[in-house]
Amino acid sequence: MGERILVLDAGTTSTRAMLFGADGVLHHVAQRALTQHYPRPGWVEHDPGEIWQRTLACAREVVEKAGGAEAVAAIGITNQRETVVAWDRNTGEPLTRAIVWQDRRTADVCGKLREVVHEAEIQRRTGLVLDPYFSGTKMRWLMDNDAAVRAAAERKALALGTVESWLVFKLSGGTFVSDASNASRTLLLPLDGAQFDAGLCDLIGVPHTALAHVVDTHGTLAETNAEVFGRAIPVCGLAGDQQAATVGQGCLSPGETKATYGTGAFVLTNQGDVLPRSEHRLLGTVLTQREGVRRYALEGSVFVAGSLVQWLRDSLGLISAAAETEALARSIPDSGGVTIVPALSGLGAPHWQADARGVIAGLSFASGRAQIARAALEAMAHQTHDLAEAFAADGAAWQTLRIDGGMSANDWMAQDLADMLSVIVERPDFVETTALGAAMLAAVGVGTHASLEDAARAMRGKVRRFEPEMAASTRDERLARWRKALAAV
């Protein structure tokens with residue numbers, strides 16, 4: 001058996017397979033786009049069959065490039081969190097489209113729940129707030145509105161799970177598990193509870209019998225059918241994308257913080273074995289679990305980051321490629337007073353307003369492509385600054401910020417973050433830390449490395465630092481404009 005780690009990274013807009021060495025070197029990549037379905041305003045859906053088929057195609061392509069399954073020691077899987085798949089346990093076929101994490105259709109469900117339960121008690125138990133973002137209310141919506149889902153529940157054949165659970169089920173031919181990091185995003189798992197809680201399931205309206213068995217994030221978690229790759233390969237790492245990125249950034253000690261700028265933006269601060277408690281609308285989440293022992297993180301979630309740039313490109317036609325934004329931002333001294341509040345799918349932490357909608361403020365005849373592009377990038381630092389204030393108020397002030405994700409490759413944005421946050425920003429040369437973190441989890445799970453700390457020493461690469469340079473008066477003026485625009489939302 002080889003020592004390579006096969007990572008399946010099922011994201012929001014695409015799915016990939018990546019093959020890593022034990023030293024963290026990336027050897028092969030295959031990628032396929034995922035179709036986005038928007039049947040109504042605020043609704044976002046995926047085809048679960050497409051997720052599976054395209055992920056499998058990527059995986060087989062990479063395994064073939066590696067010379068066959070004998071080269072692969074283990075599989076690690078990381079995924080878009082909170083996206084819900086419903087399928088028939090007997091046939092293994094999806095019952096309906098998946099409801100994607102960005103989907104806001106359950107705002108009314110959340111509102112009705114607030115009438116019967118104290119939200120602070122839900123947050124104390126689960127670390128989460130009552131928001132459409134989380135998986136449990138999506139599961140409830142499917143039970144209430146989809147006849148095929150209800151019928152499967154009545155036959156005791158319903159499986160409700162997040163994307164990692166769906167992929168493991170298909171790869172293994174029926175193993176139904178969910179790792180603790182993904183399970184902690186459902187509203188159905190107490191932060192200190194080993195399994196999904198029947199009382200929380202009854203409260204949210206989700207059948208407990210339709211849920212998976214909660215397992216560790218690393219260890220021997222499942223095994224693929226031999227027919228899938230030519231031999232059985234153990235699945236030894238499972239984690240939601242943001243937890244995987246935190247591991248990939250080497251944020252393994254309490255206080256260490258990372259921010260991932262992808263479709264959305266997600267900041268996690270390692271809390272060690274202390275149950276995370278927030279008084280400022282941040283989230284508590286499971287970071288990792290090994291042999292039942294959990295490590296936790298405090299999290300702030302921003303719904304719109306890279307998707308704002310994608311919107312400028314695809315819907316407004318202001319740019320032809322995301323990379324253009326850096327040159328446009330550098331071409332002018334400031335945004336000319338233009339400020340964007342990118343609430344295209346509501347506001348996440350620390351505001352949590354599901355019905356908020358985006359605003360472009362400060363437009364004049366002097367405003368053009370460059371000003372709007374720069375304002376879009378500035379919005380990343382503005383949203384992150386709101387999170388930084390909330391983390392500090394909860395006693396978790398950032399000393400440095402480690403950034404990753406597709407948007408972090410933009411040097412202008414990285415420097416703007418350092419300037420607006422007044423902290424040193426670190427960016428690894430290899431910014432695909434979500435996949436790297438899944439590889440590290442699987443490498444420890446299969447025994448290639450003894451611990452995540454050992455894996456981080458062996459597999460992480462070089463880091464570039466961005467130090468604050470902006471005058472305080474400039475920063476204050478920017479923040480004043482941001483707060484005025486935010487108030488309008």
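The values are calculated or read from the model by the stated rules, or taken from the named source; none is laboratory data. Predicted model only: the values in this text are computed from it and were never measured. Positions of Cβ are backbone-derived with ideal geometry, glycine not excepted, and every protein chain shown enters the neighbour counts.
Residues in the range 194-213 that are within 15 Å of GLN289 (Cβ to Cβ), touching a residue at least 24 places away in the same chain (Cβ under 8 Å) and surrounded by fewer than 21 Cβ atoms within 10 Å (Cβ to Cβ): ALA194, HIS213.
For the range 409-435, the candidate set comprises residues that are hydroxyl-bearing (Ser, Thr, Tyr) and buried (at least 23 other Cβ atoms within 10 Å of the Cβ); within that set, the residue that is nearest to LEU283 (Cα to Cα) is THR434.
As a summary of the residue check, GLY219 satisfies the conditions (1) touching a residue at least 60 places away in the same chain (Cβ under 8 Å); (2) surrounded by 19 or more Cβ atoms within 10 Å (Cβ to Cβ); (3) touching a Phe, Trp or Tyr at 6+ places or on another chain (Cβ under 6 Å); (4) more than 24 Å from GLY111 (Cα to Cα) except for the one numbered (3). Residues in the range 399-436 that are assigned to a loop (DSSP other than H, G, I, E, B), within 16 Å of the chain's Cα centre (by Cα) and more than 23 Å from ARG330 (Cα to Cα): GLU432 only.
Residues that are free of Cβ contacts under 8 Å to residues at least 24 places away in the same chain, at negative phi and among the hydrophobic types (A, V, I, L, M, F, W, C): does the range 436-452 have at least one? Yes, there is a match, as at least one residue in the range 436-452 is free of Cβ contacts under 8 Å to residues at least 24 places away in the same chain, at negative phi and among the hydrophobic types (A, V, I, L, M, F, W, C).
Cβ separations smaller than 6 Å between residues 6+ apart or across chains give the following pairs from the range 269-294 residues that are on the phi < 0 side of the Ramachandran plot to residues that are of a type in the set (Phe, Trp, Tyr) and buried (at least 24 other Cβ atoms within 10 Å of the Cβ): GLN271/TYR296; PRO276/TYR296; LEU287/TYR296.
For the range 257-291, a tally of residues being of a type outside the set (A, V, I, L, M), in contact with a strand residue (DSSP E or B) (Cβ under 8 Å, 6 or more places away or on another chain) and surrounded by fewer than 17 Cβ atoms within 10 Å (Cβ to Cβ) returns 4. Look through the range 114-127, keep the residues that are farther than 22 Å from VAL286 by Cβ and assigned to a helix (DSSP H, G or I), and return whichever of them is modelled with the highest pLDDT. That would be ARG114.
Can you tell me which residue in the range 37-62 is nearest to the chain's Cα centre (by Cα), limited to those that are assigned to a helix (DSSP H, G or I) and farther than 30 Å from LEU452 by Cα?
For the range 37-62, the residue satisfying everything is PRO48.
More than 24 Å from the chain's Cα centre (by Cα), under 30 Å from GLY292 (Cβ atoms), assigned to a loop (DSSP other than H, G, I, E, B) and among the aliphatic types (A, V, I, L, M): which single residue out of ALA458, ALA450 fits that description? Working first, answer last.
Details: ALA458 fails: assigned to a loop (DSSP other than H, G, I, E, B).
Only one candidate passes the filter, namely ALA450.
If you go through the range 23-50 and keep only what is touching a residue at least 60 places away in the same chain (Cβ under 8 Å), touching a strand residue (DSSP E or B) at 6+ places or on another chain (Cβ under 9 Å) and under 18 Å from THR78 (Cα atoms), you end up with LEU26, PRO48.
Would you confirm, using the coordinates I've provided, whether ALA321 is aliphatic (A, V, I, L, M), without any contact (Cβ under 8 Å) to a residue 12 or more places away in the chain, out of contact with any Lys or Arg (no Cβ under 6 Å at 6 or more places or on another chain) and surrounded by fewer than 17 Cβ atoms within 10 Å (Cβ to Cβ)? So ALA321 passes the test. Test ALA438 against the criterion of being surrounded by 15 or more Cβ atoms within 10 Å (Cβ to Cβ) and farther than 16 Å from GLU378 by Cα, and give yes or no. Considered against the rule, which asks whether it is surrounded by 15 or more Cβ atoms within 10 Å (Cβ to Cβ) and farther than 16 Å from GLU378 by Cα, ALA438 comes out as yes.
Conditions (1) within 30 Å of ALA354 (Cβ to Cβ); (2) at pLDDT below 95; (3) surrounded by fewer than 19 Cβ atoms within 10 Å (Cβ to Cβ), marked per residue:
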site: VAL7; (1), (2), (3): no, no, no
site: THR12; (1), (2), (3): yes, yes, no
site: ALA17; (1), (2), (3): no, no, no
site: PHE20; (1), (2), (3): no, no, no
site: VAL25; (1), (2), (3): no, yes, yes
site: ALA30; (1), (2), (3): no, no, no
site: THR35; (1), (2), (3): yes, yes, yes
site: TRP43; (1), (2), (3): yes, yes, yes
site: HIS46; (1), (2), (3): yes, no, no
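Can you tell me which residues in the range 63-80 are in a helix (DSSP H, G or I) and closer than 20 Å to THR448 by Cα? The answer is VAL63, ALA69, GLU70, ALA71. One residue stands out among those in the range 86-115 that are surrounded by fewer than 15 Cβ atoms within 10 Å (Cβ to Cβ) and of a type in the set (Asp, Glu): the one that is farthest from GLN53 (Cα to Cα), which is GLU115. Assessment of the range 376-386 against the conditions (outside any helix (DSSP H, G or I) and either among the β-branched types (Val, Ile, Thr) or buried (at least 22 other Cβ atoms within 10 Å of the Cβ) (or both)) yields no matching residue.
SER184 - would you say it is small (Gly, Ala, Ser) and more than 18 Å from PRO48 (Cβ to Cβ)? Yes. Among the numbered conditions (1) on the phi > 0 side of the Ramachandran plot; (2) of a type outside the set (Val, Ile, Thr); (3) without any contact (Cβ under 8 Å) to a residue 24 or more places away in the chain, tell me where GLN53 comes up short. With (1) on the phi > 0 side of the Ramachandran plot; (2) of a type outside the set (Val, Ile, Thr); (3) without any contact (Cβ under 8 Å) to a residue 24 or more places away in the chain applied to GLN53, the lone miss is (1).
So how many residues does the range 1-36 have that are outside any strand (DSSP E or B) and among the hydrophobic types (A, V, I, L, M, F, W, C)? It would help to see each step written out before you state the result.
Filtering the range 1-36 down to residues outside any strand (DSSP E or B) leaves 1-3, 11-13, 21-25, 34-36.
Restricting the remaining residues to those that are among the hydrophobic types (A, V, I, L, M, F, W, C) gives 1, 22, 25, 34.
The number of residues fulfilling the criteria is 4.
Please return the ranges of strands (runs of 3 or more DSSP E) entirely within the range 128-240 where 1 or more residues are of a type in the set (Val, Ile, Thr). First the steps, then the outcome.
Working: elements: 158-161, 177-179, 213-215, 218-223, 234-240.
Qualifying strands (runs of 3 or more DSSP E): 177-179, 213-215, 218-223, 234-240.
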